[in-house]
Amino acid sequence: MNEIRVHNTLSGKVEPFVPQRPGEVSIYTCGPTVYDYAHIGNYRTFVFQDILRRFLELRGFKLNHVMNLTDVDDRIIANAAKAGVSIRDYTAKFAQAFFDDCKTLSIEAPEHWIRATDYIDDMVKLIQRLQEKSYTYAGEGSIYYRISKFPEYGKLSKIDVTGIQAGARVDNDRYEKESARDFALWKAPKPGEHFWETPIGPGRPGWHIECSAMAMRILGETIDIHTGGIDLAFPHHENEIAQSEGATGKKFVNYWMHAEHLLVEGEKMSKSLGNFFTLRDLFAKGYKPSALRFALASVPYRRQLNFTFDGLQQAASSVERLRNFSDRLTREKFPEGNAPGMAERIEKAANDFDAALSDDLNTAMALGVAYDLVREANIAMDKGEFRQGDVAAAKDFLASFDRVFAVIADTDAEKLAALGYGAGDGAMTDEDVEKMVAERQDARKRRDWAASDRIRKELAERGIILEDGRDGSVRWKRK
Ligand SMILES: [Zn+2]
């Protein structure tokens, strides 16, 4: 087994990964703010953290992974008030959509899914600890964090804080990325909007305190790994460090791992450019969950990912190639015995696969290892040189591969059907299929094999598989 090394934003270096307790890893992931549907840029980050957790699991680590739903946020509170509904009611739809999307992308459920609204008490207690240590000051009903009291501020994002004026402060969680200022831990209530009555006064928590409080409540005061998108490093994660370390005096996180941005066709994704996609937008266009997961996973997380529709097509054919190889291993009968060198070849692939992922999750290299093995084994099969004795090892390799990449087992159709795609939205209805199957039966009766083959192929391209019975009957199913 290879030494696992990860890039730590805090040190700016790739370091050997050593968890606090051997065999166990605690991870905190900043989840979505559930005021809208998450987009593919968000899912790039969530697929990255899924690859991380699946790889650690493959390596035998026991995980304790927390992902939060930010369901307290200025936009959420304002929108809920406008709609005249509770925060829970307002966010329920988007939270459910997020869970559904994760399932569709085969993102494993973390050990703890938590919501900010369930941890208000912990946030209040953490603010009280900071108050006791004079990290805070009050103003107009809000409570602010005094950055000048925490000299290490900026150590994660390497932001220069020398220009900070004492007392320059912001209430807004979404303030400009270049300037560091005192930020709100607790915000005074706004007329007509939801607030909590607490020992530190009425109001609502700031976004940053939510993650510090929830992470430490469940995972303890020092966490092995904290993940998120690179845009969260400053100010959100910087503020998490200031809050947690200010309160405890201990190191908050040992390894900070950040995923780079996603571009669409070379441009920043934005609603105004018309290149803004949710998962559902892509499924409605007929793309499969496995292809999307593959496309998001294929570029190592610290490289910018340029999402293109060509790339998505290529991802779909890569998945197809892997699935076909897996099918061959199951379906075909090979001559008994072992092909010379094949066992060693597969063992080398398994080691190279582990080495690639151990190297700061180099997914591109890991995929390259799998492609090479599949290509060589396919050639051996075509030449009649592959042997039955090598099947088990090849299947083991694919199983390990799929524990991390999770694209070979074909569950696309059922996942799409669960989201309401498949039958409608340009896909064939049962009646359409029956009609074409009947046409093909006519062609077969006429012994017009070309027409029959053409219809079979056309159906296959639209995801319909035909099974001809010995008695001339035909059954069909959706892929
Ligand atoms: Zn967070």
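The values are calculated or read from the model by the stated rules, or taken from the named source; none is laboratory data. Keep in mind the model is a prediction, meaning the values are calculated, not measured. When we count neighbours, we look across all protein chains shown, and the Cβ atoms used for this are built from the backbone with ideal geometry, even at glycine.
What pairs come out if I take residues in the stretch 380-393 that are part of a helix (DSSP H, G or I) and pair them with residues that are charged (D, E, K, R) whose C-beta lies under 8 Å away, six or more apart or interchain?
Listed pairs, sorted by first residue: M381/R328; M381/E332; Q388/K333; Q388/E336; G389/E336; A393/E347.
Collect the residues in the stretch 46-100 that are acidic (D, E), surrounded by 22 or more Cβ atoms within 10 Å (Cβ to Cβ) and modelled with pLDDT of 95 or more, keeping them in residue-number order.
Within the stretch 46-100, the subset acidic (D, E) is 50, 57, 71, 73-74, 89, 100.
Narrowing the set further to residues that are surrounded by 22 or more Cβ atoms within 10 Å (Cβ to Cβ) leaves 50, 71, 73.
Selection gives D50 alone.
Go through the stretch 299-323 and count every residue that is surrounded by fewer than 19 Cβ atoms within 10 Å (Cβ to Cβ), touching a helix residue (DSSP H, G or I) at 6+ places or on another chain (Cβ under 7 Å) and either closer than 22 Å to D396 by Cα or among the polar types (S, T, N, Q) (or both).
Adding up the residues that qualify gives 1.
Would you mind finding the one in V374, V407 that is crowded, with 18+ Cβ neighbours inside 10 Å, modelled with pLDDT of 95 or more and assigned to a loop (DSSP other than H, G, I, E, B)?
Values: V374 fails: assigned to a loop (DSSP other than H, G, I, E, B).
Only one candidate passes the filter, namely V407.
Which of the numbered conditions does Y287 fail, given that it passes all the others? Conditions: (1) assigned to a loop (DSSP other than H, G, I, E, B); (2) modelled with pLDDT under 95; (3) surrounded by fewer than 19 Cβ atoms within 10 Å (Cβ to Cβ).
All conditions pass for Y287, except number (3).
Restricting the stretch 445-461 to residues that are out of contact with any Leu (no Cβ under 6 Å at 6 or more places or on another chain) and crowded, with 16+ Cβ neighbours inside 10 Å, which is farthest from A316 (Cα to Cα)? Can you show your working first?
Step one: list which residues in the stretch 445-461 are out of contact with any Leu (no Cβ under 6 Å at 6 or more places or on another chain), which gives 445-455, 457-461.
Now drop any that are not crowded, with 16+ Cβ neighbours inside 10 Å, which leaves 452, 455, 459.
On the way: S452: 26, I455: 22, L459: 18 Å.
Step by step, filter the stretch 445-461, then rank; the result is S452.
Please work out which residue is surrounded by the fewest Cβ atoms within 10 Å (Cβ to Cβ), limiting yourself to the stretch 29-45 and to residues that are among the hydrophobic types (A, V, I, L, M, F, W, C) and under 21 Å from V264 (Cα atoms). Full working, then the answer.
Within the stretch 29-45, the first condition is being among the hydrophobic types (A, V, I, L, M, F, W, C), and the residues that meet it are 30, 34, 38, 40.
Next, from what is left, pick out any that are under 21 Å from V264 (Cα atoms): 38, 40.
On the way: A38: 20, I40: 23.
My answer is A38.
Which condition breaks for R440 when tested against (1) at pLDDT below 85; (2) assigned to a helix (DSSP H, G or I)?
(1)
Kindly check whether there is at least one residue in the stretch 357-372 that is in contact with a Ser or Thr (Cβ under 9 Å, 6 or more places away or on another chain) and under 15 Å from E3 (Cα atoms).
Yes; the residues of the stretch 357-372 include at least one that is in contact with a Ser or Thr (Cβ under 9 Å, 6 or more places away or on another chain) and under 15 Å from E3 (Cα atoms).
Just one of (1) within 21 Å of T45 (Cβ to Cβ); (2) touching a helix residue (DSSP H, G or I) at 6+ places or on another chain (Cβ under 6 Å) trips up S326, so point out which.
Answer for S326: the failing condition is (1).
Can you tell me which residue in the stretch 269-280 is surrounded by the fewest Cβ atoms within 10 Å (Cβ to Cβ), limited to those that are assigned to a helix (DSSP H, G or I) and over 17 Å from the mean Cα position of the chain (by Cα)? Before you say what the answer is, go through the steps one by one.
Residues of the stretch 269-280 assigned to a helix (DSSP H, G or I): 271-273, 279-280.
Checking which are over 17 Å from the mean Cα position of the chain (by Cα) leaves us with 271-273.
Numbers: K271: 8, S272: 6, L273: 11.
Restricting to residues being assigned to a helix (DSSP H, G or I) and over 17 Å from the mean Cα position of the chain (by Cα), the top hit is S272.
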